[in-house]
Amino acid sequence: MSILLLSTHLPPKTQAVNPSEFPNEVEMPLLDHLDELRNRLLRGLLAIVTCAGLCLIGVRPLVRLLEQPAQGIRFLQLAPGEFFFVSLKVAGYGGLALSLPYLVYEGLQFILPGLKQTERRLVVPAVAASTVLFLVGVTFAWWTLVPAALRFLVAYGADVVEPLWSIERYLDFVLLLLLATGLAFQLPVLQVLLGVFGLVDAVTMLNAWRWVVLGAALAGAVLTPSTDPITMVLLSSAITLLFLLGVGLVALVRWRRPQAD
């Protein structure tokens, strides 16, 4: 009887962990993890500041490049030091863009050792696809959304007012539109991750197409700095097409999974 009572108080056996699932796992105390995270964040911040400093040296060509879509528009400095603060802002955006690969590298170095081998095979393609889609979104905004919005805004009041724009307001418009479009183009990656983890399947996504169209219209209105109808329609249409692309990718992943298993 005493042996039986003793056995009931023993802790349950933990499930054995396959060492091959965590090939680079290193046991570390919580404070060591926080210290590693702090060091990686500091290195990432240093990379952003360094790249921003390099962009600040050549900020004038960058500003001229961003002014190219607004052909025939005169830009004004409406307050003392406005162009100086605009230069800092453009350099900051440029530094963040240039340091993005290193930031992704630092993040992966912190996360990957704690992931299973199967999860690793998912993270790396997801990050690569996210980077490619962000660049595609920025390119789409630069060659399509920005010119369309500027043409509409200039032509709308051309017979009433002369277009003299603040350089700060114009660059805020362009930079925010580029960033918002790049983030909106992450939708297929999010859909694939939800599908892979079994949270939502392709049929459920497709059945919610009405809500997606409504959400795309709202996103186009919120993410468009100029709130003009041309840009909102183009961005909403792009988000809807990206959603359909994500549905197709989720269906493809679901179709291939039984074969992989």
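Among the numbered conditions (1) farther than 25 Å from F173 by Cα; (2) surrounded by 17 or more Cβ atoms within 10 Å (Cβ to Cβ); (3) not charged (D, E, K, R), tell me where P69 comes up short.
All conditions pass for P69, except number (1).
For T144, indicate whether it is surrounded by 13 or more Cβ atoms within 10 Å (Cβ to Cβ) and free of Cβ contacts under 8 Å to residues at least 40 places away in the same chain.
Values: surrounded by 13 or more Cβ atoms within 10 Å (Cβ to Cβ): yes; free of Cβ contacts under 8 Å to residues at least 40 places away in the same chain: no.
So T144 does not fit the description; no.
Test A129 against the criterion of being surrounded by fewer than 15 Cβ atoms within 10 Å (Cβ to Cβ), in a helix (DSSP H, G or I), of a type in the set (G, A, S) and out of contact with any Phe, Trp or Tyr (no Cβ under 9 Å at 6 or more places or on another chain), and give yes or no. If you could, list the steps in order and put the result at the bottom.
Working: surrounded by fewer than 15 Cβ atoms within 10 Å (Cβ to Cβ): no; in a helix (DSSP H, G or I): yes; of a type in the set (G, A, S): yes; out of contact with any Phe, Trp or Tyr (no Cβ under 9 Å at 6 or more places or on another chain): yes.
In short, no.
On the given criteria, is G44 within 25 Å of G107 (Cα to Cα), modelled with pLDDT of 90 or more and surrounded by fewer than 12 Cβ atoms within 10 Å (Cβ to Cβ)? First the steps, then the outcome.
On the way: within 25 Å of G107 (Cα to Cα): yes; modelled with pLDDT of 90 or more: yes; surrounded by fewer than 12 Cβ atoms within 10 Å (Cβ to Cβ): no.
Taking the combined requirement at face value, the residue does not satisfy it.
Does G94 meet the test of being surrounded by fewer than 14 Cβ atoms within 10 Å (Cβ to Cβ) and either more than 30 Å from L234 (Cα to Cα) or small (G, A, S) (or both)?
Values: surrounded by fewer than 14 Cβ atoms within 10 Å (Cβ to Cβ): no; either more than 30 Å from L234 (Cα to Cα) or small (G, A, S) (or both): yes.
When the stated conditions are applied, G94 does not pass them.
Please go through the stretch 49-91 and pick out each residue that is of a type in the set (V, I, T) and over 24 Å from E162 (Cβ atoms).
V49, T50, I57, V59, V90 - these are the residues of the stretch 49-91 that are of a type in the set (V, I, T) and over 24 Å from E162 (Cβ atoms).
What number goes with the only condition from (1) closer than 28 Å to L62 by Cα; (2) buried (at least 20 other Cβ atoms within 10 Å of the Cβ); (3) in contact (Cβ under 8 Å) with a residue 60 or more places away in the chain that L179 does not pass?
(2)
Looking only at the stretch 146-172, which residues are charged (D, E, K, R) and in contact with a Pro (Cβ under 8 Å, 6 or more places away or on another chain)? Walk me through how you get there before you give the answer.
Residues of the stretch 146-172 charged (D, E, K, R): 151, 159, 162, 168-169, 172.
Answer for the stretch 146-172, where residues must be charged (D, E, K, R) and in contact with a Pro (Cβ under 8 Å, 6 or more places away or on another chain): just D172.
Suppose the filter is at pLDDT 85 or above and part of a loop (DSSP other than H, G, I, E, B); does A91 pass it? Walk me through it before giving the result.
Working: at pLDDT 85 or above: yes; part of a loop (DSSP other than H, G, I, E, B): no.
Against the criterion (at pLDDT 85 or above and part of a loop (DSSP other than H, G, I, E, B)), A91 does not qualify.
Could you tell me which of the residues A70, A16, A79 is assigned to a loop (DSSP other than H, G, I, E, B), more than 32 Å from the chain's Cα centre (by Cα), at pLDDT 70 or above and of a type outside the set (D, E, K, R)?
Values: A70 fails: more than 32 Å from the chain's Cα centre (by Cα); A16 fails: at pLDDT 70 or above.
It is A79.
So which residues in the stretch 211-239 are surrounded by 14 or more Cβ atoms within 10 Å (Cβ to Cβ) and either farther than 29 Å from L171 by Cβ or in contact with a His (Cβ under 6 Å, 6 or more places away or on another chain) (or both)? Even if it seems obvious, please write down each step before you answer.
Filtering the stretch 211-239 down to residues surrounded by 14 or more Cβ atoms within 10 Å (Cβ to Cβ) leaves 212-213, 215-217, 219-221, 223-226, 228, 230-239.
Scanning the stretch 211-239 gives V212, V213.
The values are calculated or read from the model by the stated rules, or taken from the named source; none is laboratory data. Given the structure is predicted, the values throughout are model-derived calculations rather than measurements. Cβ coordinates were reconstructed from backbone atoms using ideal geometry, including for glycine residues, and neighbour counts include every protein chain displayed.
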